[in-house]
1. Kindly provide the set of residues from region 91-126 that are more than 19 Å from ASN193 (Cα to Cα) and touching a Gly at 6+ places or on another chain (Cβ under 8 Å), ordered by number.
2. Any idea how many residues of region 228-275 are among the basic types (Lys, Arg) and without any contact (Cβ under 8 Å) to a residue 60 or more places away in the chain?
3. Considering only region 188-201, state which residues are surrounded by 14 or more Cβ atoms within 10 Å (Cβ to Cβ) and in a loop (DSSP other than H, G, I, E, B).
4. Exactly one of (1) under 19 Å from LEU114 (Cα atoms); (2) in contact with a His (Cβ under 8 Å, 6 or more places away or on another chain) is unmet by LEU199. Its number?
5. Show me the helices (runs of 4 or more DSSP H) found entirely inside region 216-287 where at least 3 residues are of a type in the set (D, E, K, R), buried (at least 20 other Cβ atoms within 10 Å of the Cβ) and at pLDDT 95 or above.
6. So in region 1-40, with the set limited to residues that are hydroxyl-bearing (Ser, Thr, Tyr) and outside any helix (DSSP H, G or I), which one is nearest to PHE55 (Cα to Cα)?
7. If you check GLY131, GLY172, GLY138, GLY178, which single one turns out to be out of contact with any strand residue (DSSP E or B) (no Cβ under 8 Å at 6 or more places or on another chain) and in the same structural domain as ALA238 (by TED's automatic domain parsing)?
8. Give the residues of region 1-32 that are closer than 17 Å to TRP245 by Cβ, among the aromatic types (Phe, Trp, Tyr) and at pLDDT 95 or above, sorted by residue number.
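The values are calculated or read from the model by the stated rules, or taken from the named source; none is laboratory data. Note that the structure is a prediction, hence the values are computed from the model and not measured. Ideal geometry is used to build each Cβ from the backbone, glycine not excepted, and the neighbour counts take in all protein chains shown.
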Amino acid sequence: MNIAAPDRYAVIGYPIQHSWSPFIHGMFAQQTGQNLTYTRLEVPTEKFPAEIARFFDEGGRGLNITVPHKQAAYLFARHRTRRAKIASAINTIAAQADGLLGDNTDGAGLMTDLTTNLGLALENTRVLLLGAGGAARGVLGPLLEASPEYVEIANRDGNRALDLAEEFSRRGNIRGCGFDQITATHNFDLVLNATSASLQNIVPPVPAAVIGPTTLCYDMAYGVGDTAFTRWANEAGAGRAETGWGMLVEQAAEAFLLWRGVKPDTKPVLQAVKSMSAPDTEVPKVR
């Protein structure tokens, strides 16, 4: 009896060794009875085009794309979903018979975590989004579709924030600025960190005045215990400070659905990664 070889999937980024995606997709595969393997590919920017082409040429079935490749990946997909086109960035690629399909599941994953898992109602809220790169692009469309009062994008390079706000201006009330121009005359309801600062254990230069006792501060990064951003948020008096575990699991489930045609149950997987990522817990060794 011949046993079919498992389909190959991977996450590609730089750096990548911190990624829990292999663990998460391994749990999804076991839960749903799917025959697949999932690995990490650490690839710097200059090698990205060659490596992504080689992966699919060698029979790979799908990729997750993470920092810093999400916008570059957009150019590789022959077909793109509506949410990928809105974001102009891709975090998921699926091999299809007529070419590569690019999708962006970040926004859907974030919105599910905010609204379903954390119980946040986004309508008429004031949102501060930190960062203007691929991660911010992926969540802006779904955020604006939730009808907040307005979204303010702040970035170290204020011009990038202005350009991004202009690009999305028809989708809702939005403005862009530099970190030194953030509206600090009131508290925001939601402060989203879409920068990569937490990977370097630093905090974007944000005035503490934007945070109040009802503010939810959400770091789209994740790690063992708190990140630099969530520690800062708690010290500044935020009502809640959350890391991006929920977003990570929920966007992964969306990618898994695209690849395999089945939506896994995220609750036990999210519970597992949160318990295993508690301080003093050894990170699982996943290859």
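1. Quick first cut of region 91-126, residues more than 19 Å from ASN193 (Cα to Cα) only: 92-103, 116, 123-124.
Across region 91-126, the qualifying residues are THR92, ILE93, ALA94, ALA95.
2. So the answer is 4.
3. Taking region 188-201 and keeping what is surrounded by 14 or more Cβ atoms within 10 Å (Cβ to Cβ), we get 188-199.
PHE188, ASP189, ALA194, THR195, SER196 - these are the residues of region 188-201 that are surrounded by 14 or more Cβ atoms within 10 Å (Cβ to Cβ) and in a loop (DSSP other than H, G, I, E, B).
4. Unmet for LEU199, out of (1) under 19 Å from LEU114 (Cα atoms); (2) in contact with a His (Cβ under 8 Å, 6 or more places away or on another chain): (1).
5. Numbers: elements: 228-235, 245-260, 266-276.
The helices (runs of 4 or more DSSP H) meeting that bar are 245-260.
6. Residues of region 1-40 hydroxyl-bearing (Ser, Thr, Tyr): 9, 14, 19, 21, 32, 37-39.
If we keep only those that are outside any helix (DSSP H, G or I) as well, we get 9, 14, 19, 37-39.
On the way: TYR9: 9, TYR14: 16, SER19: 19, THR37: 13, TYR38: 12, THR39: 12 Å.
So the residue we want is TYR9.
7. Numbers: GLY131 fails: out of contact with any strand residue (DSSP E or B) (no Cβ under 8 Å at 6 or more places or on another chain); GLY172 fails: out of contact with any strand residue (DSSP E or B) (no Cβ under 8 Å at 6 or more places or on another chain); GLY178 fails: out of contact with any strand residue (DSSP E or B) (no Cβ under 8 Å at 6 or more places or on another chain).
Answer to the check: GLY138.
8. Correct list: PHE23, PHE28.
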